[in-house]
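Undergrad: Next up is a structure, given as structure tokens.
The numbers here are math on the coordinates, done by the rules we state, and not lab data. These numbers were taken from a predicted model, which means no experiment stands behind them. Cβ placement follows ideal geometry from the backbone for every residue including glycine, while neighbour counts extend to all protein chains displayed.
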Amino acid sequence: MENQNWQLENPWMGLGVILATFLLFYIVGFVSNRKSTSARELYVGGSNTGSFVNGLAMSATYMSLATFLGITALILRLQVPFIMLWISLILAIPLITIIYGTSLRRMGAFSPTHFIRDRYGKTASIIAALFMILVSIMYALGQMIGIAVTFETLLGIPYLTGLIVGGLIIVGYITVGGMAGATNNAAIQMVIIALMFIVPLGAIMKAVGGTGWYFPPLLYADMVPAMLESLPTFFDYQFSPKWYFSIIPSLTIGALGLPHLAMRVYTASNLKSARAAMVWFAFILGLVFSATYAMGFVGVYATATQGLVISPEDADKLTIILNLVYNPDWVTALVIAGAISAGVSTLSGNLLAIGALLSQDIVATLKPNISQRLNLRLGFVAIFLGGVVSILLAIQPPAFLVVSILWAFGLAGVTNAPLIIVGVWWKEANKFGAIAASVLGGILYIVVSPFVFPSIVLTGHAVTDGMGLSGAMLAVPVSFILLIVVSFITNRMPSLASKLTKQSDIELIERIHGWKDIKAYRYNSKLGAGITVVLSAVIAVWALMPWGM
Amino acid sequence: MEAYKKEVRFTILMTVAFILVGNVGLIFSIFPTDAVFLGYPLKYILPILMGWFGVFLLTIIAGAIGNRIDDEIEAENVLLENSRDTEEV
């Protein structure tokens, strides 16, 4: 098969499916949303979502266009190491829920920066909010690239036209929607994503000779011998344990700082429901993630054994290309609808987070007397502008759409996650430590990323540096050390005592853990803080040593 | 004191358990093996299975224990309020 222009033969069919999908989203949004009358309702939908719907919505928010397009592209490039990396991403919601989600839910926070404002004060929360806006935009950028690629394949139009047309339609839809409609829609989108990914994958597996096509996520062992014969290195781990370890600070801790994910925990009706949603999330996400590894495997298998040629610039289209080659056009149209559903649900999470960050965490913090109506309007404007900025950034996209998304994980892990984790579990953490950790850690992460100073990188391996694996392995522990050490020192400086709010911090921490009294011994361990500093120092030094890549 | 200790211990142990189960690839990168399981290389399929069913099982355990600790914290709060009421009487 020759290198060619991959597009649907009958674009009208694809357009029809997409129009029908959007019609469904609008109807669900209209029926379930009525009208958002307050900022809280816009962002967390009244906090009354059931556990199954919320679990589906959490999965849809998390399972971005990367699932449809990005992961398979990087499996094509990196093979098994990328699968090992992606597996760890399932930990996001479970860890958010057990480490701080239920505490913040008990507090009534509707964004992580809301907690940072109450815990560390205005300055720290505005700094964190600015970083979170950057995180959300980088995350949204990955979705926009995917949407442009999808429209490009769908209509045979240039990438730029696809980006502007597709991007504006989706941003307009989200701006009008809000979170209540978005939660129910995200649940429906999750069902569409799962069906439109797994069923066509079964058909592709059958076409290339796989016998386990009736359960594609796990039953492709019969294709392994042929794969090993054509590509003996497919299952090789390729990189050192250090590379695999770097996944923990960059992606596992990074996911704990993602604003749009944590917000899903706050839409739960109560704590028990939030925990039940986490169980649904793990089951559904595990199913679809396993299917994406199978899709990546089949993609590599098809290129290695079936003569399928995919040029490097078409790597992000692998899933669609496999459908174009092995399935009828109408199936590919459904897959494209699934991809767009994935993009819409994640983008709505990203853009609503930007709206909440700008209107609630920055403007309402600086101008607390602003009217509810004006604040809500500001939220809508921020959502729209966030979308437009991500469209503009996607005009010159990075080589792989997943790269910008995973880089955003690392930035969230450096600038946000330590503030929340340490803030919830250690009373001594204060605003000076938080500001030092967020600003210095954030600057360090940006400096060692290849996007600003391409010559200052830790590994020299483009994808590893670009995804922020190496940068986060250095900057995340540095951020933890700064937060703990600076807090510890400044708490003991009498000249700063008047600038700290020790008593209200203590009361807040006891309250969010569910206590109605205050005990000095709770959440006050010097040993725990000391161990964290020592471990962080060891990891940071390890990150600076040669990576041998 | 008891519920607090349980809460801290539960959070640390569950976090470590989740990180291990979600990063089985790290363990195989340290201890490589050529073993085969269900027709796949073990180092490929076990991380995938643990990353799905292992994490799923842990969420069930974490949910149940988390709910129980909440109840215990609430019970200690009630005890505290009762003892305050008794003192006031």
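Undergrad: Treat the count of other C-beta atoms within 10 Å as a stand-in for reagent exposure and order A:VAL300, A:VAL28 from fewest to most.
TA: On the way: A:VAL300 23, A:VAL28 20.
The fewest-first ordering by Cβ neighbours comes to A:VAL28, A:VAL300.
Undergrad: Alpha carbon centre of the range A:50-93 versus the range B:36-67: separation in Å?
TA: 15 Å
Undergrad: Run the count for chain A, please: Lys pairs, Cα-Cα under 19 angstrom, 8 or more apart or on different chains.
TA: Lysine pairs, 8 or more places apart or on different chains, close enough: 16.
Undergrad: Report the calculated FRET efficiency for A:ASP329 and B:ASN77 (r = Cβ-Cβ distance, R0 = 56 Å), to the nearest 0.05. All intermediate terms of the calculation are to be shown ahead of the outcome.
TA: Values: r = 62 Å, r/R0 = 1.11.
Result of the calculation: an efficiency of 0.35.
Undergrad: Please list 3J(HN,Hα) in residue order for the range A:276-281, calculated via the Karplus relation 6.51 cos²θ - 1.76 cosθ + 1.60 where θ = phi - 60°; whole Hz, with x for glycine and proline.
TA: With coefficients 6.51, -1.76 and 1.60, one gets 5, 4, 4, 5, 4, 4 Hz.
Undergrad: Starting from the Kirkwood Rh over alpha-carbon pairs, what translational D in µm² s⁻¹ does the protein assembly as shown have by Stokes-Einstein at 10 °C and 1.306 mPa s?
TA: On the way: Rh = 24.8 Å.
My calculation gives 64 µm²/s for D.
Undergrad: Note down the net charge around A:SER525, summing +1 for each Lys or Arg and -1 for each Asp or Glu among other residues with Cβ under 14 Å from its Cβ.
TA: Charge balance near A:SER525 sits at +4.
Undergrad: Once Lys and Arg get +1 and Asp and Glu get -1 on their Cβ, which of A:ALA221, A:VAL288, A:LEU392 lies farthest toward the positive end of the dipole of the protein assembly as shown?
TA: Working it through, the farthest residue towards the positive pole turns out to be A:LEU392.
Undergrad: Note down the Stokes-Einstein diffusion coefficient of chain B in µm²/s, whole number, using a Kirkwood radius over alpha carbon pairs, 20 °C, and 1.002 mPa s. Before the final figure, lay out the partial values.
TA: Values: Rh = 15.9 Å.
Reported coefficient: 135 µm²/s.
Undergrad: Can you give me the relative contact order of chain A as a percent, contacts being Cα pairs under 8 Å and 6 or more apart?
TA: Relative CO of chain A lands at 27 percent.
Undergrad: Please list, ordered by chain and number, the residues whose modelled amide H lies under 5 Å from the amide H of B:PHE37; skip anything fewer than 5 residues away on the same chain.
TA: For B:PHE37, the qualifying residues are B:LEU42.
Undergrad: Next question, about the same structure. Using θ = phi - 60° and the Karplus form 6.51 cos²θ - 1.76 cosθ + 1.60, what ³J(HN,Hα) does each residue of the range A:513-529 get, whole Hz, x for Gly and Pro?
TA: Taking θ as phi minus 60°, the curve returns 8, x, 8, 9, 10, 10, 10, 4, 6, 6, 6, 9, 7, 6, 4, x, 5 Hz for the range A:513-529.
Undergrad: Here is a follow-up. Given the options B:ILE30, B:ILE73, B:ILE19, state which has the largest fluctuation in a GNM of chain B using a 10 Å cut-off (strictly under) for Cα springs.
TA: Among B:ILE30, B:ILE73, B:ILE19, the largest GNM mean-square fluctuation belongs to B:ILE30.
Undergrad: Inside 10 Å of the C-beta atoms of A:292-298, what's the mean count of C-beta atoms belonging to other chains? Don't jump to the answer; show the numbers that get you there.
TA: Values: counts 0, 5, 1, 0, 0, 2, 0.
For this peptide, the per-residue mean of nearby foreign Cβ atoms is 1.
Undergrad: Using the Cα centre of the range A:306-448 as the reference point, and only Cβ charges (+1 on K/R, -1 on D/E), how large is the resulting charge dipole? Debye, rounded to the nearest 20. Don't skip to the end; give the middle numbers.
TA: On the way: 6 positive and 6 negative charges, 138 e Å.
Its charge dipole is roughly 660 debye.
Undergrad: Can you run the Rg to Rh ratio on the range A:227-352? Use alpha carbon positions and the Kirkwood inverse-distance Rh. Don't jump to the answer; show the numbers that get you there.
TA: Numbers: Rg = 18.5 Å, Rh = 17.9 Å.
Reported Rg/Rh (Cα atoms, Kirkwood Rh): 1.03.
Undergrad: Can you pull out the trypsin sites (Lys or Arg not before Pro) in the range A:507-549 whose DSSP state is coil and whose Cβ has at most 16 other Cβ atoms within 10 Å? Could you put the intermediate results ahead of the total?
TA: Numbers: sites: A:ARG511, A:LYS516, A:LYS519, A:ARG522, A:LYS526; in loops: A:LYS516, A:LYS519, A:ARG522.
Listed in order of number, the matching sites are A:LYS516, A:LYS519.
Undergrad: Follow-up. Which longest uninterrupted range of chain A lacks any GluC sites (Glu not before Pro) assigned by DSSP to a loop state (not H, G, I, E or B) and surrounded by at most 12 other Cβ atoms within 10 Å? Could the numbers behind the result be given before it?
TA: Working: sites that count: A:GLU2, A:GLU9.
The longest such stretch corresponds to A:10-549.
Undergrad: Can you pull the one-decimal nm distance between simple spin-label points at A:VAL538 and A:LEU374, each 7 Å off the Cα toward Cβ?
TA: Each label point lies 7 Å from its Cα, and together they span 5.4 nm.
Undergrad: Next question. At a threshold of 8 angstrom on Cα-Cα distance, excluding pairs fewer than six apart, so keeping six or more, what relative contact order does the range A:183-276 reach in percent? Provide the component values of the computation, followed by the final result.
TA: Details: 35 pairs, mean separation 9.6, N = 94.
For the range A:183-276, the relative contact order is 10 percent.
Undergrad: If the only charges are +1 at each Lys and Arg Cβ and -1 at each Asp and Glu Cβ, what is the size of the charge dipole of the protein assembly as shown around the Cα centre, to the nearest 20 debye?
TA: Working: 34 positive and 31 negative charges, 308 e Å.
Charge dipole, the protein assembly as shown, about its Cα centre: 1480 debye, nearest 20.
Undergrad: In addition: Using 1/(1 + (r/R0)^6) with R0 = 22 angstrom and r between the beta carbons of A:ARG106 and A:ILE531, what's the FRET efficiency to the nearest 0.05? Kindly include the intermediate steps, with their values, before the conclusion.
TA: Details: r = 27 Å, r/R0 = 1.21.
So, using R0 = 22 Å, E works out to roughly 0.25.
Undergrad: Calculate the length of the line joining the C-alpha centroid of the range A:315-351 to that of the range A:119-135, in whole Å.
TA: Centre-to-centre (Cα) distance: 35 Å.
Undergrad: Report, to the nearest 10°, how far helix A:502-512 tilts away from the longest principal axis of the Cα atoms in chain A, using its own Cα long axis and a range of 0 to 90°.
TA: Tilt relative to chain A: about 50 degrees.
Undergrad: Could you tell me the relative contact order of the range A:424-549? Use alpha-carbon pairs under 8 Å, at least six residues apart, and round to a whole percent.
TA: Values: 138 pairs, mean separation 47.5, N = 126.
In percent, rounded to a whole number, it is 38.
Undergrad: Calculate for chain A the 222 nm mean residue ellipticity that helices alone would give, adding -39,500 (n - 2.57) per DSSP H run of length 4 or more and normalising by residue count, nearest 500 deg cm²/dmol. Write down the numbers at each step before the final one.
TA: Values: 26 runs with 376 residues, N = 549.
Helices in chain A give a 222 nm mean residue ellipticity of -22000 deg cm²/dmol.
Undergrad: What whole-number distance in Å separates the alpha-carbon centres of the range A:427-456 and the range A:368-416?
TA: 19 Å
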